[in-house]
Amino acid sequence: MTIPESVKDLTSRKEALHKYLDIDSLQAAIAEEEQRTEAADFWNDPKEAKKVMLSIKSKKTWTSAYQTVSNSCDDMQVMFEFFNSGDASEEEMLQQIADTTKLVEELEFKNMLRNDSDRLDAVLSINAGAGGVEAQDWAEMLMRMYIRYAERHNYKVVISNSLDGEGAGIKSVTMQIEGEFAYGYLKSETGVHRLVRVSPFNAQGKRMTSFTSVSVTPLVDDTIEVVVDNSRLSWDTFRSGGAGGQNVNKVESGVRLRYQYKDPYTGEEEEILIENTETRDQPKNKENALRLLRSQLYDREMKHRMEEQAKIKAGQKKIEWGSQIRSYVMDDRRVKDHRTGYQTGDVTGVMDGKIDEFIKAYLMEFGAEN
């Protein structure tokens, strides 16, 4: 694409984003909500006030990002005039086009995260499959991968609960990943992850296959209504394990929540079990466990709605949550996503948290369905 064609294309895409994001309506809504915050009685209802403040923040996420794109496009137009008059070099012009292209693509990509839940923090759980120490080691490798991904995106990671493996690795872990659009990006990771490698735990040096499941749910906040039937709740307490000092070992600060869940659509019943050892404060652990329960209940409702939409969209490809999604073949230097077909030979980079291209491929293909 020539320089004039690139400038025209990026300007057109900026205008399309203005339309798709409905920037004018967003700005009008922000102005109206900000006016509400100036009322003397605004904070009389803290819960409602928090909803309004969160709504303003959410809308400004889009208007601010669009403004950045718009400013870059304006700079590109100025640079183009300088380029045509001979006051700017081709190298400078191409750099400006590259910078603007990156901003436009990022906003086009983020535009696929328009569900209410996409903006929320994420609860990511990893459970080692059958296979003993090999599967446990794989689970720990995945945990590190997601922690490194979070670090790369300046997300905060809080480990809510973990269970060490026997000999090496972990049997399970639940992490809260907090940051802008954490759930929107990480929801693509739900499913079974398959590892193929020459096992360091096998004396014969055999090639082994391990499976570990990953589940990602949105971490609901106080602005989302989720009904918890207290009559179906029960609690156990226990001593937290690990080398955390005398208090961890002697005080029953760990909590175990049991919730007798009844599916409102099928009538089926099951027990939801949540453990939390995040802090040494039992009341705070109870609060965190309830929050995780609300997240699960919210996620179940969202999945039901997605399934209903999928039935209507008969011609579209169905996404099977919980199925095998990705293979990591170490000796072939290959990681492949079976849903999108995207693959890379940078195994080391992937295990160091570079999974953005997998997430992008998933959202590009399935984002509109969700």
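The values are calculated or read from the model by the stated rules, or taken from the named source; none is laboratory data. Please read all numbers here as calculations on a predicted model, not as lab measurements. Reconstructed Cβ throughout: ideal geometry from the backbone, glycine too, with neighbour counts over all protein chains shown.
Tell me, please, whether a residue that is touching a residue at least 60 places away in the same chain (Cβ under 8 Å), among the aromatic types (F, W, Y) and either buried (at least 20 other Cβ atoms within 10 Å of the Cβ) or not assigned by TED's automatic domain parsing to the domain that holds N154 (or both) can be found in the range 209-217.
no
Restricting to the range 264-305, name every residue that is over 24 Å from the mean Cα position of the chain (by Cα) and closer than 22 Å to N115 by Cβ.
P264, Y265
Inside the range 182-211, can you point out the residues that are of a type in the set (F, W, Y) and within 16 Å of I147 (Cα to Cα)? Steps first, answer last, please.
Of all residues in the range 182-211, those of a type in the set (F, W, Y) come to 183, 185, 201, 211.
Answer for the range 182-211, where residues must be of a type in the set (F, W, Y) and within 16 Å of I147 (Cα to Cα): Y183, Y185.
Okay, residues lined up against (1) in contact with a strand residue (DSSP E or B) (Cβ under 9 Å, 6 or more places away or on another chain); (2) more than 30 Å from D356 (Cβ to Cβ); (3) acidic (D, E):
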| site | (1), (2), (3) |
| --- | --- |
| E5 | no, no, yes |
| R13 | no, no, no |
| D24 | no, yes, yes |
| L54 | no, no, no |
| V78 | no, yes, no |
| E81 | no, yes, yes |
| G86 | no, yes, no |
| E108 | no, no, yes |
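Looking at (1) more than 23 Å from D229 (Cα to Cα); (2) modelled with pLDDT of 85 or more; (3) not in a helix (DSSP H, G or I), which is the only condition V350 fails?
The number of the failed condition is (3).
When the residues of the range 249-269 are filtered to those that are part of a strand (DSSP E or B) and among the hydroxyl-bearing types (S, T, Y), which remaining residue is surrounded by the most Cβ atoms within 10 Å (Cβ to Cβ)?
The initial filter retains those residues of the range 249-269 that are part of a strand (DSSP E or B), namely 254-262, 269.
Next, only the ones that are among the hydroxyl-bearing types (S, T, Y) stay: 259, 261.
Working: Y259: 21, Y261: 18.
The qualifying residue surrounded by the most Cβ atoms within 10 Å (Cβ to Cβ) is Y259.
Hey, can you tell me all the residues within the range 146-163 that are without any contact (Cβ under 8 Å) to a residue 60 or more places away in the chain and of a type outside the set (S, T, N, Q)?
Those that are without any contact (Cβ under 8 Å) to a residue 60 or more places away in the chain and of a type outside the set (S, T, N, Q): H153, Y155, K156, V157, L163.
Please specify each residue of the range 8-29 satisfying the condition of being of a type in the set (V, I, T) and under 26 Å from the mean Cα position of the chain (by Cα). Working first, answer last.
Taking the range 8-29 and keeping what is of a type in the set (V, I, T), we get 11, 23.
I23, the sole residue that qualifies.
In this structure, is V251 β-branched (V, I, T), more than 19 Å from V216 (Cα to Cα) and at pLDDT 90 or above?
Details: β-branched (V, I, T): yes; more than 19 Å from V216 (Cα to Cα): yes; at pLDDT 90 or above: no.
It is false that V251 is β-branched (V, I, T), more than 19 Å from V216 (Cα to Cα) and at pLDDT 90 or above.
Filter the range 119-132 down to the residues that are surrounded by fewer than 20 Cβ atoms within 10 Å (Cβ to Cβ) and in contact with a helix residue (DSSP H, G or I) (Cβ under 9 Å, 6 or more places away or on another chain), then identify the one that is modelled with the highest pLDDT.
The first filter runs over the range 119-132 and keeps only residues surrounded by fewer than 20 Cβ atoms within 10 Å (Cβ to Cβ), leaving 119, 125, 127, 129-132.
Checking the rest, the ones that are also in contact with a helix residue (DSSP H, G or I) (Cβ under 9 Å, 6 or more places away or on another chain) come to 119, 127, 129, 131.
Values: R119: 84, N127: 93, G129: 87, G131: 76.
Here the answer is N127.
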